[in-house]
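Data block below; observations after.
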Amino acid sequence: SSTDITYWHNTSSKNIEESSALHKLLEVKTRPYIKQYFASFNGLADIKDVELSGYTIIRHDQTHFDDIHYDTPIYMNNKLINFRPFICIIYLNHKEFCGGQVLFPVQKKIVEPREGKLLLFPTSFQFPHMVTNVSDGDRYSIRLTYNFHSALFNTNLNKWDTKYNHKD
C-alpha cells in the first residue's frame with residue numbers, strides 16, 4: 001500500500017504551519033528547473049503563471065503498483081478545482097528498495113529513481129506513464145503540486161495577445 005501525507009498551502013491546517021518552511025524551501029529549490037522547463041515553450045507559458053499549492057510525501061511499499069495512466073486536471077463534485085500543468089517529483093531514497101521505475105511507453109523512456117533526482121513532465125494524455133512494483137523496501141518521494149494561478153482564467157480576453165490567431 002501507499003502512505004501519503006499531503007500538505008496544502010494557504011489552509012488553516014495545523015500541518016501547514018509546521019510545514020511552511022519546507023514548502024518555501026521546495027519552492028526555492030525547484031524554481032530554476034521549472035523556469036528552464038517553461039523556457040522550452042518559447043514564451044507561451046512562464047514560471048510567473050504557476051504557484052506551488054502543496055506537496056505530498058509518498059511512501060510506496062512492496063504492494064504498491066501504478067498502472068498505466070496520465071495525469072489530468074483535478075475535479076471535485078464535477079467542478080474544476082485546479083489545473084496542474086506538469087508533475088514534479090523529487091526522489092528521497094534509492095538504495096533501500098528495488099524497482100519503482102517510472103515508465104513512459106510513448107516516449108520509450110525509463111526513469112530510475114535516485115535520491116535527489118527531480119522528475120518533471122507534462123500532465124497530458126501524450127505522457128502516459130506507470131510505476132513498476134517496488135521490492136525489497138520502500139520508495140519515498142515528494143510530489144509537488146504546482147497549479148496555474150486562478151487569475152489566468154479570469155482574464156479579459158480583449159487584452160490577450162492575438163498574433164497567433166489565424167485570419168481567413
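Here are a few things to note about the model shown:
- Computed accessible area, THR72, all protein chains, 1.4 angstrom probe, square angstrom: 60
- Nonlocal amide H pairs with CYS98, under 5 Å, H built at 1.01 Å: SER135, ASP136, GLY137
- Heavy-atom accessible area for LEU118, with the other protein chains in place and a 1.4 Å probe, reaches approximately 50 Å².
- The gain in end-to-end length when the ALA39 to GLN62 segment is fully stretched comes to 4.5 nm, 0.36 nm per residue minus the alpha carbon separation.
- On the basis of the beta-carbon distance and an R0 of 25 Å, LYS29 and GLU96 show a calculated FRET efficiency of 0.65.
- Loop GluC sites (Glu not before Pro), segment 28-131 (other Cβ atoms within 10 Å of the site Cβ: 15 or fewer; DSSP): GLU96, GLU115
The values are calculated or read from the model by the stated rules, or taken from the named source; none is laboratory data. Remember, predicted model here, so these are calculated numbers, not experimental data. Cβ coordinates were reconstructed from backbone atoms using ideal geometry, including for glycine residues, and neighbour counts include every protein chain displayed. For the accessible areas, the whole protein counts, side chains as well, though only heavy atoms, and no ligand, DNA or RNA atoms are used. Shrake-Rupley method; radii C 1.70, N 1.55, O 1.52, S 1.80 Å.
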